[in-house]
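Student: Handing you a structure now.
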Amino acid sequence: MDVLEAIYKRRSIRDFTDQPVPDEVLHQILEAGTWAPSAGNMQAWEFVIVKDAAKKKELAGLGKYTGMAAGADLLIFVCAVPERQAICPGFFPQDCGAVCQSILLQVTAEGLGAVWCGIYPGEEMVAKTARALGMPESAIPFAMICVGHPAEHPTPRDRYEEARIHHENW
């Protein structure tokens, strides 16, 4: 699958089958995430992987739109470590967003489905997630990505709108 095909094919998947994601595929997905660009190449991120059913059920209650976490095969938490951004402080939202997009595209290329659930900057969700995952204070949970084999196949929609493209000036 080429990159443009993955971009067009990627959908937010919230319903999953019981089929497990092989560890070697998870490794490929995580490695794709680590190839994302970052400010000053500081790579100020770490991941927490959750596969335990009881833990996934607990984490499904993090927020209003996180219920699908219980049915995913695994959860990938993309976490920022801002102290690693000495050269370019404050850029972890862009860096972690790029990581999430790389993960989502690799998930799609693997024939799997995923949905990105934002955690940061919601203070309550950040605190609940950090507690649930036993995170150090130096790390910030940025996003939860629910991954599994899709039980749904939403139709892609064309999102390109020429009116939103500006040249030279707004």
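The values are calculated or read from the model by the stated rules, or taken from the named source; none is laboratory data. Since this is a predicted model, take the numbers as computed values, not measurements. Neighbour counts run over all protein chains shown; Cβ positions are idealised from the backbone, glycine included. With ligands, DNA and RNA removed, areas are computed over all heavy atoms of the protein, side chains included. Shrake-Rupley method; radii C 1.70, N 1.55, O 1.52, S 1.80 Å.
Student: Filter the stretch 73-102 for residues that are more than 13 Å from the chain's Cα centre (by Cα) and either basic (Lys, Arg) or under 24 Å from Val25 (Cβ atoms) (or both) and give the result.
Tutor: Matches in the stretch 73-102: Asp73, Arg84.
Student: Also: Show me the helices (runs of 4 or more DSSP H) entirely contained within the stretch 1-84 in which 3 or more residues are surrounded by 18 or more Cβ atoms within 10 Å (Cβ to Cβ).
Tutor: Because the criterion is at least 3 residues that are surrounded by 18 or more Cβ atoms within 10 Å (Cβ to Cβ), the helices (runs of 4 or more DSSP H) in the stretch 1-84 that meet it are 23-34.
Student: Exactly one condition in (1) at pLDDT below 95; (2) in contact with a helix residue (DSSP H, G or I) (Cβ under 8 Å, 6 or more places away or on another chain) is not met by His153; state its number.
Tutor: (2)
Student: So which residues in the stretch 85-121 are of a type in the set (A, V, I, L, M), open to solvent by 10 Å² or more (accessible area, probe 1.4 Å) and out of contact with any Lys or Arg (no Cβ under 7 Å at 6 or more places or on another chain)?
Tutor: Matches in the stretch 85-121: Ala86, Ile87, Ala98, Ala109, Leu112.
Student: Sticking with this structure for a sec: Among the listed residues Glu123, Glu161, Glu168, which satisfies the condition of being over 30 Å from Glu5 (Cα atoms) and free of Cβ contacts under 8 Å to residues at least 12 places away in the same chain?
Tutor: Of the residues listed, the single one that is over 30 Å from Glu5 (Cα atoms) and free of Cβ contacts under 8 Å to residues at least 12 places away in the same chain is Glu123.
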